[in-house]
Amino acid sequence: MSITVEPVGATRPARAPRDRAVDARDADARWLRRAVDVASANVAEGGGPFGAVVVAGDVEVGVGANRVTRDLDPTAHAEVQAIRAACRAAGRFSLEGMTLYTSCEPCPMCLAACLWARLDRVVFCADRDDASSAGFDDSAFYDLLARDRDTWDRTRVQELRLPERTRPFDAWRAQTARTAY
């Protein structure tokens, strides 16, 4: 499985006749405008300046706005909210065949959520530098994730290997009626 993250304006290799490529770019721009509109409306309602839309073909499947401060939930980023809504609407946890359009480059948590959701593409317009200039600077997270965990000075992540550590996985493997993911 792979995921492509493309800022709008990025050069893409030509794969289709010119009119199809132009149509696809127009569709990307239209859905990105929808994500920007969601983000702007969210700011007007007291939320953060981030919006996202999950699309299958030309159909909006899920939409999300940043609800971190409103819901007191640090994971309630627009992309995660849109993924949750799309999964509920689709009735499945895999969003294969779908694209997430987001008003801003996904943070590391949101990018991981996109990977777990198995989205085909993520398209964004504002980048991390645009977000940083508005006070949303994720550079500390990117820097932290690039370092060895033993050097982290923020949230410490430590392992303590208990003898029963594999019991949940053993139960999972023994469960014949499980849904693989």
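The values are calculated or read from the model by the stated rules, or taken from the named source; none is laboratory data. Keep in mind the model is a prediction, meaning the values are calculated, not measured. Don't worry about glycine lacking a Cβ; one is built from the backbone with ideal geometry, like all the others, and counts go over all protein chains shown. We work out accessible area using only protein heavy atoms, side chains counted, and drop any ligands, DNA or RNA first. Shrake-Rupley method; radii C 1.70, N 1.55, O 1.52, S 1.80 Å.
Helical content of the chain, expressed as a calculated mean residue ellipticity at 222 nm, amounts to -12500 deg cm²/dmol (DSSP H runs of 4 or more residues, -39,500 (n - 2.57) each, divided by residue number, nearest 500). Mean sequence separation of contacting Cα pairs (under 8 Å, at least six apart), scaled by the length of the range 100-164, corresponds to a relative contact order of 29 percent.
Across the options L162, G48, A113, the greatest Cα extent toward the positive end of the charge dipole of the chain (unit charges at beta carbon of Lys, Arg, Asp, Glu) belongs to L162. Extension gain, D37 to T69, is 9.6 nm, computed as 0.36 nm per intervening residue step minus the present C-alpha separation. At a probe size of 1.4 Å, how large is the accessible area of E96, to the nearest 10 Å²? Only protein atoms counted, so the area is about 110 Å².
Just so you know, the Cα atoms of the chain work out to an Rg and Dmax of 18.7, 61 Å.
In a Gaussian network model over the chain where Cα atoms closer than 10 Å are linked, find which of R165, R20, R67 has the largest mean-square fluctuation. The residue with the greatest mean-square fluctuation here is R165.
For the range 28-90, the average shadow cast by the Cα convex hull is 4.0 nm², which is a quarter of the hull's surface. By the gyration tensor of its Cα atoms, with a ≥ b ≥ c the square roots of the eigenvalues, what is the shape of the range 85-181: rounded for a/c under 1.5, prolate for a/b over b/c, or oblate? Verdict is oblate for the range 85-181. The H on the amide N of R118, modeled in the peptide plane, is under 5 Å from the matching H of L95, each at least 5 residues off or on a different chain. Among the trypsin sites (Lys or Arg not before Pro) in the range 69-151, those placed in a DSSP loop whose Cβ has at most 14 other Cβ atoms within 10 Å are R92, R147. In order along the range 160-166, phi translates into HN-Hα couplings of 9, 7, 8, x, 8, 4, 9 Hz, rounded to whole numbers, per the Karplus curve 6.51 cos²θ - 1.76 cosθ + 1.60 with θ = phi - 60° and x for Gly and Pro. So, taking all protein chains as they sit and a 1.4 Å probe, how much accessible area belongs to D153, in Å² rounded to tens? Its accessible surface works out to 120 Å², give or take rounding. Computed over the chain with a Gaussian network model linking Cα atoms closer than 10 Å, the most mobile of P168, P74, P49 is P168. Short-range pairs are left out: with C-alpha atoms under 8 Å and at least six residues apart, the relative contact order of the chain is 19 percent. Using heavy atoms of the protein chains and a probe of 1.4 Å, the accessible area assigned to S139 is about 50 Å². For the residues D138, D23, D150, a GNM of the chain with alpha-carbon springs under 10 Å puts the largest fluctuation on D150.
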